[in-house]
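For reference, the structure is listed below as structure tokens.
Since every read-out is calculated from the coordinates, none of them should be taken as a lab result. Keep in mind that what you see is a predicted model, and the values were worked out from it rather than measured. A quick note on method: Cβ atoms are made from the backbone with ideal geometry, for glycine too, and the neighbour counts reach across all protein chains shown.
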Amino acid sequence: MLGVANVSVDDRGIVVVCPGCGQKNRLAFDHLAGAVRCGACKAALSAPAFPLEIQSAADFDRLISRSSLPVVVDYWAAWCGPCRMVAPEIQKVAARRAGQYVVVKVNTEELGELGDRFGIRSIPTLAVFLEGREVARTSGARPASEIEAFVDQATRQAHARRA
């Protein structure tokens, strides 16, 4: 999974480069919601403030099953006009909600197995995963504020069902 050259994933978390000192640090999937400091310079680090491009089904499965934060998934394809329209809105959501959600993008042309497994029939489709389960889904392009409201409502309802 890569979002920017300074971010990758391994089997335990998201590996980021500290903006202060350049040290690589792992944000463990199960500690994404907590405070993390750089191992070298002790600068505060947070979950990525941009959508992460999923590169494999294994990366996707590890992230959704272990993340301590809700995972917002944007299923998309390069040929899809509405997908291109919603991309900047997804970026806004990732930036505004860094540390509250992890936002990822799944290219259904490259990772068709995920589209098939989750029954994605139209794109763009947004899904919210919490504790390894999909808790909500919606299709179509929408502005960042509506995406945030959708995710907030989905996570509130999921928490209420568990309580």
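A few points about this structure:
- Going through (i) 22, 19, 15; (ii) 32, 17, 14; (iii) 25, 18, 15, the figure that equals semi-axes √(5λ) of the Cα gyration tensor in Å as computed for the structure here is (iii).
- 15 Å beta-carbon shell around Arg37, net charge (K/R +1, D/E -1): +3
- Here is how the number arises for the chain: DSSP H runs of 4 or more residues each give -39500 (n - 2.57), the sum is divided by the residue count, and the result at 222 nm is -10000 deg cm²/dmol.
- The length gained by stretching the chain between Arg156 and Ala43 to full extension, at 0.36 nm per residue less their Cα-Cα distance, is 37.5 nm.
- Each part reduced to its alpha carbon centroid, the range 119-163 and the range 54-103 end up 11 Å apart.
- When Arg62, Arg162, Arg97 are arranged by Cβ crowding within 10 Å, least crowded first, meaning fewest neighbours, the order is Arg162, Arg62, Arg97.
- Taking every C-alpha pair closer than 8 Å and separated by at least 6 residues, the mean separation divided by the residue count of the chain gives a relative contact order of 21 percent.
- Net charge, Ala136 excluded, C-beta distance under 12 Å - Lys, Arg +1, Asp, Glu -1: +2
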